[in-house]
Structure formats: C-alpha cells, structure tokens
Amino acid sequence: MNIIIGNAIGGNEMSECTNCFSNRTCASADKPLEAFIRSLPMETSHHRTEGQSTKCGFGLQGVCCRLCANGPCRITPKAPRGICGADADTIVARNFLRAVAAGSGCYIHIVENTAKNLKDTALAKGKIRSEAALYRLAEELGIEGNDVYDLAVKVADQVLADLYKPEYVQMELIEKLAYSPRLEAWKKLGILPGGSKSEVFAGVVKCSTNLNSDPMDMLVDCLKLGISTGVYGLMLTNLLNDILLGEPEIRFAPVGLNVIDPDYINIMITGHQHSMFTYIQDRLLDEDVVEKAKAAGAKGFKLVGCTCVGQDLQLRGAHYTEIFDGHAGNNYTSEAILATGGIDGVLSEFNCTLPGIEPICDELMIKQICIDDVAKKKNAELIPFNFDTRKEDGDRIIDELIESYKNRRGKVKMNLLPEHGNKNTLTGVSEISLKKFLGDSWKPLIDLIVSGKIKGVAGVVGCSSVAYGHDTLTVALTKELIAKDIIVLSAGCSSGGIENCGLMTPEAAELAGPGLKEVCKTLGIPPVLNFGPCLAIGRLEMVATELAKEIGIDIPQLPLVLSAAQWLEEQALADGCFGLALGLPLHLGVPPFITGSKLVTKVLTEDMKELTGGQVIVDADAKSAADKLEAIILEKRSALNI
C-alpha cells in the first residue's frame, strides 16, 4: 500500500530553551523563525506540539465512531464491529466522507460570498478592477450583457444558480469549465455533481447514524464533492476574484516578518475571502483616514499578509503597493507575527485563524475584529460584512483600529525581526500571467519538458502543520524535487513556508538540478513558482488543462504530480479528492485517518489509478517521496515517448 509513517518529517526534533515559556518547541524549516519562537515568553502552537505528541491510535486509523450514544466504539481485532454492526470499512469511509463534505462546504461558502460580492458591486456600479477577466469568463460561460455591470450580474447569477441546484440536478457551468476528456471520464464514472451546497448536505446526511454503510458508495460521493470543490470552490473563486480585485502580475516582493513597519498602524489579515476586504482596503488610503492615523502618531495604515488571504493580496500586490507591505507568513507563523508587537489589529473572516492567537492578542492589547461569523473568535468583536452597510461598518472598524494603536503603542514592547524572510520573492504567478511571461504560448514550457531540461512539474500545495515539524517536510521535499530538475508550482499555506525559506527567489536556482538551473538562470526565475493561496490550486488545474490541450492528451498523461506534504484541514481532503478526480498522483506526508480500513486504503492508494488515473502515495520521508514522484514522472514521459 506504499505507506511510510515515522520520524522522517523531522518534527520529533525539538528545540530547547532555558528562559522561555517552554523549553521545547517543534522544529521548523525556517530556522530564524524557530529561534524567534523559542525565545518568546508566551505559548504558541509550536510549544504545544510536545504536550500533544501522544496521538490516539484509533483516531489515527479512523476506526473510532462517536455518532450515537452506544459509543464511542473502537474497532480492534477482538471487536471488529461497533455495537450497531458497522465494521472498519464503513466507519473509516463514513469519517472520511464527513470530513470531505465539511471541507467542500468551506470552499462553497467562499465562492458563494465571492459571487454575491461581485453581484452587489455590479448592482452598485462599483469598481470592477479587471474588465478583461470578466469578458474572458463570460465568453467561456457563453454569457452576454448590455454593459460591464449587467454582464457581471449575469455571471454572478449563473454561479449562484449552480450552487443552489438540488443534488439530483447537474450543475450547468461544469460542462463549460471542465476539460472535455475529464468531463467524459466523470460522466462514465457517474461522479458529476449536482448543486454544490446540496452535495455537501447529502454527504453529511449519508454519513450519519445507521444510514449509509457502503464504503464504495461513500467514496464515490467524495469524488463528486472533490469535483464540485475544484471547479466551483477553487477555479471559479479565483476567476471571480480576478474580476473584483485585479489580475495577478508577476513581480518581486518582500516576504517574512521584515514586512512589518512599526511606523504604521498595522493590520494583520487572516482568512480566504479577499473580496470582503475591498472597501476597507481602499478606504485606508483616503486622505481623511490617513490624517486620522497621523493624528494618532502613525504615518498611515499597512495591511500585513498572513494565511491565504495574505497570499491572495500578495498575488495581486501590483495593484495594492501603497497599502500592502507584504506577506509575513502562513497559519503557523501567525502567532510569531503577533508576538513582534508590531501588529495593532487582526481582521479575520475565515480559517486559518488559529484559536491560539487569542491569548497573544489579549496580552499584547491587539484588537481582534471578525467580519464573518463562521470564523468568530471568542474574544473578537463581530462586525459581520454586509455590502449595504459596508461604508458605516468599514469606518467603524477603522476607528477601532486607530484606538487600538493609541491604547497599545508605548505600552507594548516591540520585538521585531527585520532580518527575517527576504525582499525578492517572485509572486503574481497565474495561468494568465505565466502564459504571458512565456510569450503568450505554452509551447516554450512544453519544449523545455520535451527536451528534458525540465523533467516534469510538481504541484506542492495545501497547508502548513506543526505536529511533525513546521514546514519541514514541505521544504525538504521541494528541495529534493527541484534538485531532480522538476519545477515546483506552489499554492496554499505551503507557499508561505517555502517563500520564507528563500526557495522562491532567483538565487534558489543554485539548488536546482543542472537542467532546471539553466532554465531558471536564463529566465531570471526561481525553481519554485508561487501561485498564492490554497484557492490557487484551481489555477494549477487550469495550467494542467492548458498544457494537456496544447499537447492533445488527457490530464493524467501529463508528467505532473501533486504533493500536499503537510495537509492539515478538512478543506485539504476536499482538494485532494479533486486531484484524484483529475487523475493525478497525490503525495501526502501522513495518511488521512484511513489506514484502519484495508478496503478504503486500497481504493485510494491502488484501485483509484484504474478508475480516474489518480492515486494516493503516503510517505513521510522527503527523499523517498521525491524518488517515487520522480519515478511516476519518468513513467509518464516514457508513455509520451519523451
């Protein structure tokens, strides 16, 4: 079954300190950050890994069921069935489906709000930052309008209509957005989804007490949810955001804790819903608001990127140079960002906003405001985003952030880390900007792959985690892959760790194999290209589709592999099911709580290859995992006679 689990991730290496909150923190690929966190006089997630190092074996295998009052039931060789009669296969599949449905629901929440915000903006004749992106999407969907605002409303309405369809009515836009060979494969397998919200609802119902007990049927639902997540939650959210927020442009930008400028009122943003920030983002630059900041003793305002919404702002940073200082770090860097003392407020709307930031915000007098109640923190003020009252609410939020600055500055000691990160990370990469960089053609990239200078492509995507080391496997695997002449495309919190470790700078070309190094030095690019937030996994699918179209093959035939080396959340499982539906090999550092079922494990790691072309590979060792991914790429190259 090709599963290796052990200490190879490096997380069992603990850093010691004799004069801090705890004498042990988890290892990090980012050594300056590790030293900084180790020195803090407050607890972070990095400290708590030791206390949570003993894991429940039943939970790890997915064989614990607590759906009814007869339980919790735990499957063992001596007790192979729960009291109701459910065996390991049923319980594991049920737990997995429940997690995938929850993850898909998160993404559908995001695309629903994004479509609503586009519609409301258009109805109010507000700012459409990229008409070109609107016209491209409308043409692809076969939608026409009287003017740009009418067109935007119609596009948003079409997306919302698909989301709200019942489960038994197939979504319409998928026929226009999905790559035709994949669409036909999905039809043959019977895994085309109905309405996205209804699919989530049906998935939750199906895995409730004494309902579905057929693991294969539940795994089919996981693939349907994966497709719905990928096409709508990922692809369409990006395309709608491009219209509202401006398209990515390739540029060099600063990353890391060095982006925090204490002369400004600094607002750390967390979440995934960039379109909720647009009014405040623009308002912070208005003269009257800047004057308020100056009256309080600051030069103005700056947004400090954290988690995926920070990655999205960085991706589009060419449009926001006056207000956005840069992306400081991923979810498990957020506590360190706050611990610098340079942040005056946290504005959040979704995950990955850790509960662990709450005591740090309290101690450092940092104002917390949440604008979507799904991510409400217990000591944060809730000011729900409402398009109709966005101006009044936005001004109220700004005034409260100014008060926070006035109340805390001078009382809270600064503990900045200006040398952390770098100033020249390449960002702004998308399916459009990359093609433009290549001369408006995918042929140069295809030619490099055919020549062997670039052996293949690896999407290193998804989350950051700390239980087995902060970004340790992600960064180590990335280094192994580029050394094998495999170019890496990154999206998600993984990007935050990779970029802070310098792998997205041109200088990182020195770590690449000879062929990839030559390409990078010739083009002046790094061997790892930053596509931004986890939502941009949808952009990687679009790149894969473009390459497959150009060559005239299906996506599973491409020398392309995926790795979510340090996947963390249920959303990552929904992402993974999309990758499997696309027919791509998917590497994970740890298994998704399925190993208690031989059937589910076999389906995902072996049988899936015959169904969709995809397969799950679990390996906690960077070198071993890279070897396996390289072998798959070489096999694909051989099949293409290159």
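Quick notes
- Considering segment 461-515, the residues that are open to solvent by less than 10 Å² (accessible area, probe 1.4 Å) and of a type in the set (Asp, Glu) include one that is nearest to Ala336 (Cα to Cα), namely Asp471.
- Residues of segment 382-405 satisfying the condition of being farther than 17 Å from Thr278 by Cβ and surrounded by fewer than 18 Cβ atoms within 10 Å (Cβ to Cβ): Leu382, Asp399, Glu400, Glu403
- Any hit, segment 481-493, residues being within 20 Å of the chain's Cα centre (by Cα), within 23 Å of Asn238 (Cα to Cα) and part of a helix (DSSP H, G or I): yes
- Residues of segment 198-209 satisfying the condition of being in contact with a Lys or Arg (Cβ under 8 Å, 6 or more places away or on another chain) and in a loop (DSSP other than H, G, I, E, B): Cys207
- Residue count for segment 146-183, restricted to those that are open to solvent by 20 Å² or more (accessible area, probe 1.4 Å) and of a type in the set (Gly, Ala, Ser): 2
- Options Ala138, Ala93; residue that is touching a residue at least 40 places away in the same chain (Cβ under 8 Å) and either within 18 Å of Ala202 (Cβ to Cβ) or over 25 Å from the mean Cα position of the chain (by Cα) (or both): Ala93
- Scan of segment 382-412 for residues that are part of a helix (DSSP H, G or I) and either free of Cβ contacts under 8 Å to residues at least 40 places away in the same chain or of a type in the set (Asp, Glu) (or both), ordered by number: Asp388, Thr389, Glu392, Asp393, Asp395, Arg396, Asp399, Glu400, Glu403
- Candidates Ser563, Ser624, Ser597, filtered to the one that is open to solvent by less than 10 Å² (accessible area, probe 1.4 Å), closer than 20 Å to Val488 by Cα and of a type in the set (Ser, Thr, Tyr): Ser563
- Within segment 592-599, one or more residues are touching a strand residue (DSSP E or B) at 6+ places or on another chain (Cβ under 8 Å) and farther than 30 Å from His327 by Cα.
- Whether a residue is basic (Lys, Arg), in contact (Cβ under 8 Å) with a residue 60 or more places away in the chain, in contact with a strand residue (DSSP E or B) (Cβ under 7 Å, 6 or more places away or on another chain) and within 27 Å of Met216 (Cβ to Cβ) was assessed, and Lys628 passes this test.
- The criterion of at least 1 residues that are among the aromatic types (Phe, Trp, Tyr) and at pLDDT 95 or above is met, among helices (runs of 4 or more DSSP H) falling completely within segment 15-62, by 31-38, 57-61.
- Candidates Asn379, Asn415, Asn351, Asn424 - the one that is part of a strand (DSSP E or B) and open to solvent by 20 Å² or more (accessible area, probe 1.4 Å): Asn424
- You will find that of Glu610, Glu550, Glu546, the residue that is surrounded by fewer than 20 Cβ atoms within 10 Å (Cβ to Cβ), acidic (Asp, Glu) and without any contact (Cβ under 8 Å) to a residue 60 or more places away in the chain is Glu610 and no other.
- Number of positions in segment 184-201 that are in contact (Cβ under 8 Å) with a residue 12 or more places away in the chain and open to solvent by 20 Å² or more (accessible area, probe 1.4 Å): 8
- Check on Lys436, out of contact with any helix residue (DSSP H, G or I) (no Cβ under 7 Å at 6 or more places or on another chain), in a helix (DSSP H, G or I) and over 16 Å from Leu516 (Cβ atoms): yes
The values are calculated or read from the model by the stated rules, or taken from the named source; none is laboratory data. All values derive from a computational prediction rather than experimental measurement. Heads up, the Cβs are rebuilt from the backbone with ideal geometry, glycines too, and the neighbour counts pull from every protein chain shown. Only protein heavy atoms, including side chains, enter the accessible area calculation; ligands, DNA and RNA are left aside. Shrake-Rupley method; radii C 1.70, N 1.55, O 1.52, S 1.80 Å.
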